[in-house]
Each structure stands twice: as structure tokens, then as C-alpha cells.
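Here is the structure we will look at.
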Amino acid sequence: MCSETGSRYTGLLLLALAIAAIIANLLLYFPSGQVLEPAKITDLVWFFHGFLGAGLLVMVPALMLLRGSGEDCCGHRCGMLFPVLLAIQGTVGAVYCVVISSLGLLSGPLCDTGSGNYTYPFRNYSLENSYLLNQPTWVTCQEPEHIVLWNVVLFSILLGIGVVEAVLCLSQVVSGLCDIFCGTCVRKGQPSSSAPYRRYPEQLAKVLCRKVICRAPAPEPSREE
């Protein structure tokens, strides 16, 4: 996690994904681009899985990585623990987005089937008879127009974003824990004294040989009788 270049690239990607998740969640509040009453919007949209889960909760560790807080974290393990906690926060937010997005895809949108009342016509479908695999059933929803396609696309985008964010944040958690417990963190430009020997064992062997040879007592000259 203390690798400055890798952390910045990860932070940029996480920040872009978080912004995309917020935009996708915002579009879900306008079914098919229409402004409707809150009661006519799919209930799972109000769980803010894009705004909060894949958005704000992931944006915080992303900004931390972009800020390059890893530059000073190698000096003490308490400083290395804070980025790990933020990465865990991002992982939880991303997983939350994955769960809600999956439920949104399985249950389908809230729509008018022609009776004038908004219901969930696909919510009681089994996985075998899911509307996702039976596109002709999408015409069941008459209003808003193309609402099924709208929800499927946006919830799928949020699901994909959540999966990628979860993988990236979890990788930062694992990397940070390795830095803390295994001591693999090396500050850029200031390698630890044991780092060269950990990477190149033969150098350690040469140094030890020199020390042994230099400290070895010189043989006493023989005395002629």
C-alpha cells in the first residue's frame, strides 16, 4: 500500500468508478428520463447503493490513495493501519452496492402494466423463469416506456462497478496487512537496511563473509628457535 505509483493509479480508478456509480444511481431516479413521483420509483433505488455504497464510501479511500498518504506510513505501523481501515470501508460499500444491485436486477422495476396501478410484475418470478432471460415479457411494463431496459442497464452497471471496486479495495486491504505484519513496506527512495538483503541473499552472504574475515585474528608469526 506504500507503493506511491500503484496507489495513485488505484486511487484514480476508484475515484472514476465512484463518480460513475453516483451518476448511475442518479439516473435511476428518472425512469426512462422521466420525472415521476417518489411512489412510482423502484423501492431499491432508495437504498442509495450507488450514492453511498459504491460512491461516497469508496471515494474516501480513493482520495486517500491519490493524496499519497503512503509516503509517511512506513515509519510506524499505526500510520499504516489507517489506510487499511479506509480500504475496508470501501470494500463494505462496494459489497453493499453489489447486493442491492443484484436484488434490483432479480426483482425488476416498478411499473404500470396497463391497469393504472404501479406494481412489481416480475418480483415473484423464480430464477428459472426470470424476466432477465425472457425478453418478450418486458412488454408487460407499459409505463414508463422502456423502464425494464432502463433498470437492467443501470443496475448491471452498478453491479459491475461494485465488483471491481470490491476487488480493488480488498487488494489494498491485503497489501496493507502484509505491510503491517510482514514488514514489506519500504519508503520510496529510502529502503530499509534489511531490504537489499531480503531481495538479494547473495549480498548478505558476501557481507557476512567480509565481517568474518575482517574480524578473524591474524595468525601469529612462527618463532625460530
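Values quoted throughout were computed directly from the atomic coordinates according to the rules given, and no laboratory measurement underlies them. Predicted model, so just to flag it, every value in this text is computed and none were measured. We place every Cβ from the backbone using ideal geometry, glycine too, and count neighbours over all the protein chains shown.
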Seminar exercise, completed: Cβ-Cβ cut-off under 14 Å around L103, Lys and Arg +1, Asp and Glu -1: the net charge is 0
Exercise. So what J values fall out for region 35-50 if you push phi through Karplus, 6.51 cos²θ - 1.76 cosθ + 1.60 with θ = phi - 60°, rounded to Hz, Gly and Pro as x?
Worked result: 9, 10, 5, x, 5, 9, 9, 3, 4, 5, 5, 7, 7, 6, 5, x
Exercise. In whole Å, what is the distance between the alpha-carbon centres of region 31-56 and region 75-152?
Worked result: 10 Å
Problem set entry | For a label point 7 Å along the Cα-to-beta-carbon line of D112, residues of region 27-42 with backbone N under 16 Å | 31-42
For this session: Calculate, for K40 and L133, the FRET efficiency according to 1/(1 + (r/R0)^6) with r their C-beta to C-beta distance and R0 41 Å; round to the nearest 0.05.
Result: 0.95
